[in-house]
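Engineer: A single structure is presented below for examination.
The values are calculated or read from the model by the stated rules, or taken from the named source; none is laboratory data. In this text the structure is predicted, and so the values were computed from the model without any measurement. A quick note on method: Cβ atoms are made from the backbone with ideal geometry, for glycine too, and the neighbour counts reach across all protein chains shown. Heavy atoms of the whole protein, side chains included, go into the accessibility calculation; ligands, DNA and RNA do not. Shrake-Rupley method; radii C 1.70, N 1.55, O 1.52, S 1.80 Å.
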Amino acid sequence: MLAITEAGEARLRGGAGFAARLARSPLLRCLAIYGEMPGRFALTAVLLAAVNVALVGQQVLVGRAVQEAGAGRLVVAGADGALSYDRVWFWAAVLLGLSFARSVVQYGAGLLSLTIGQELLTILRQRILARIQQLDLAYHWRHGVGEMVTRMTRDADKVRDALINFWRQMFETGLVVAISVGVLIWYSPWLGLVPLAMLLVGIALLWRQADTLVALDRRIGAAYDAVTQDLSEGVNGVRVIKAFGLGAARTTRFAAHVDTFRREARAAILHAARSVPLPQTVIALGHAWVLGYGAWLISRGELGVGALVAAMLVVNTLVLRIEGIGRLLQVIADARSSAGRIWEILDAEPGIQPGCGRLPEGALGIRLENVSASPLGDGGLVLHDLSLTIQPGEIVALVGPTGSGKSILTGLLPRLVEADRGSVRIGSDALGWHDVRGLELTDLRRRVHVLPQESFLFSDTLAANLRLAAPEASDEELHEALDRAAAGEVFARLAEGFETRLGDRGVTLSGGQRQRICLARALLADADVLVLDDATSALDAVTERRAIENVRALRRDGDRPVTMLIVSSRLSTILAADRVLVLAQGRIVAAGTHAELAAGNAAYRGLMGI
């Protein structure tokens, strides 16, 4: 008795485990999105049910008409010898009317299923994009642009296509199987049970191939990621490619990625071609059984010719639908792989979780205490026990050799990168120093703005790019920001003024012009701490000095002076700073004014070439 109980509990645990695995299935999780549109989903189900009931009903009615024809009741001779076609016209009207009504309902059901499929695709893409925006920079550094684009395009399309097919074929096929087998059993039990057994065996054989097809499609997806990444780099890096004459080499590289993708796709197709025919042959044997067994029943007088015709029509529809399931299983196997890749992003937890605190109003400074950081979060530290303090209103230059961690340090301040150890604080002695981990990210990044070396402008108008930081800014405020960033002459050269389209990544502008417009955009953000990560490297010394002095004077007479941290290796920039910090091997190794460091620090003199 105990053994029986334990066995029952084991089965229950196994069943619960299977249910849990089923609930975690990526494709079913995508299918659950249909729950956000229950009204249209239910209406589509009702319409599809009506279509399939009408289809089997139409086939049964054809059999009845054939039966009447065989019995001589379809065309009847009257007493005067004239032929009466009333039953012919009756059956013609019934069958044509039913066919027309079924086609109208089927059109509506198809339109609805396509509509909710497109909405599902939209929801998926919106969620992927939202999650991509939430993920930290370390995640983006580990995964390329090509991978992100592939998951939002190819993978999302595959899931949408599979779910539409699932909805229109699996649901319809289930109804057709249930109704068709019921009709066949109604004619004769063995006439329906044997084809049903063949269907189940064929579907089981098809299902055994699903996991292999999923693994093959994951390899196809990885190859497609490489194709997309290479294409993205080829488009974005077109200037470098042309400058170094790399067109032929890049084309060869791209062709190699495409060949890999084609080989993986061919392997999946060959596997499906070898695996699917046997199950479909088993399923198709239902035709032969219904014809042979039905003829035997007719010979015994247990079945009419019309019933056999109806049974053949029903089993023909049944076999065609199940053969379609074979093709659908391959589509679903591909979609399982794509859905898994999508949920890898959607389930990825951002490494940087926001706090709920807000910075107090007033001038802000920067304090780092014993900070160590690894940009990829893999323990490979770039900064080691680094400490520094920048008081509100100070302009501090940060210098150091390449690879010393300057950009990682600037990324710590608005929490674009997370510190492994130590604390990063924003505030002042008067307002208190607030650990960035406890701050709400939007507020933190509004008050602490980092302008990177890469001058990224969106393919939009000048006004739209400037208003990213200040959507409500007037044209006058845009003019003021451009003037402070020493970009007034850039605006004067644009024929369409603020409505000038800047092209992809601001390609219509020079490097220095892009940097000044990006600086103007940063000034519109009205941040209290402004970090320039080599963001003026393309400017001449005079223009750069003018822009920095404009920022310095921005709140000189107010109670909220702008605190600036400027990463640079140019002497002209450093001379504009109040103080200089020297970063080497992940630590601040020297600090002081330029004159002090130039006089007493040989490493600084070597770094600056003086």
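Engineer: Output wanted: per-residue J couplings in Hz (rounded whole) for the stretch 473-481, from phi through Karplus 6.51 cos²θ - 1.76 cosθ + 1.60, θ = phi - 60°, x for Gly and Pro.
Structural biologist: Computed from phi, the couplings for the stretch 473-481 are 5, 7, 4, 5, 5, 5, 4, 4, 5 Hz.
Engineer: Note the full-extension length gain between Ala222 and Val305 as 0.36 nm times their separation in residues minus their Cα-Cα distance, in nm to one decimal. Walk me through the intermediate numbers first.
Structural biologist: Details: separation 83, 0.36 × 83 = 29.88 nm, distance 5.63 nm.
Separation in residues times 0.36 nm, less the Cα-Cα distance, equals 24.2 nm.
Engineer: Amide H neighbours of Thr593 under 5 Å, counting only residues 5+ apart in sequence or on other chains, H built in-plane at 1.01 Å?
Structural biologist: Val580
Engineer: If I stretch the segment between Leu270 and Glu549 completely, what's the gain in nm (0.36 nm per residue apart, minus their alpha carbon distance), one decimal?
Structural biologist: Values: separation 279, 0.36 × 279 = 100.44 nm, distance 6.82 nm.
Extending this stretch completely gives an extra 93.6 nm.
Engineer: Amide H to amide H, which residues 5 or more places from Ile588 or on other chains are under 5 Å from it, using H placed in the peptide plane?
Structural biologist: Residues meeting the amide H criterion: Ser387.
Engineer: With a cut-off of 8 Å between alpha carbons and a minimum separation of six or more residues, what is the relative contact order of the stretch 336-477 in percent? Please list the in-between numbers first.
Structural biologist: Numbers: 190 pairs, mean separation 37.8, N = 142.
Reported as a whole number, the value is 27 percent.
Engineer: Write out the trypsin sites (Lys or Arg not before Pro) in the stretch 512-610 meeting two conditions: DSSP loop, and at most 12 other Cβ atoms within 10 Å of their Cβ.
Structural biologist: Those that pass, being in a loop and sparsely packed, are Arg556.
Engineer: Moving on to the next point. Hey, what do the phi angles of the stretch 117-127 turn into as Karplus ³J(HN,Hα) couplings, whole Hz, using 6.51/-1.76/1.60 and θ = phi - 60°, x for Gly and Pro?
Structural biologist: Once rounded to whole Hz, the list reads x, 5, 5, 4, 4, 4, 4, 4, 5, 5, 5.
Engineer: Still on this structure, I have one more. How many nm separate the modelled label positions at Ala495 and Ser84, each set 7 Å beyond the Cα in the direction of the Cβ?
Structural biologist: Once both label points are built, they end up 8.6 nm from each other.
Engineer: Tally Lys/Arg at +1 and Asp/Glu at -1 over every other residue whose Cβ is under 15 Å from the Cβ of His434; what's the total? If you can, show how the numbers build up before the last one.
Structural biologist: Values: positive: Arg358, Arg367, Arg415, Arg425, Arg437, Arg445, Arg446, Arg447; negative: Glu361, Glu369, Asp429, Asp435, Glu440, Asp443, Asp528.
Counting the neighbours of His434, the net charge comes to +1.
Engineer: Which percent of the accessible heavy-atom area of the stretch 477-610 goes to carbon and sulfur, probe 1.4 angstrom? Before the final figure, lay out each step's value.
Structural biologist: On the way: 2830 of 5820 Å².
It is 49 percent, rounded to a whole number.
Engineer: Same structure, new question: Subtract the Cα-Cα distance of Ala464 and Arg605 from 0.36 nm times their separation in residues, and report this length gain in nm to one decimal.
Structural biologist: Values: separation 141, 0.36 × 141 = 50.76 nm, distance 4.33 nm.
My answer for the length gained is 46.4 nm.
Engineer: When a/c reaches 1.5 or more, the comparison of a/b and b/c decides; with that in mind, is the stretch 565-610 rounded, prolate or oblate per its Cα gyration tensor?
Structural biologist: Cα axes put the stretch 565-610 in the rounded bin.
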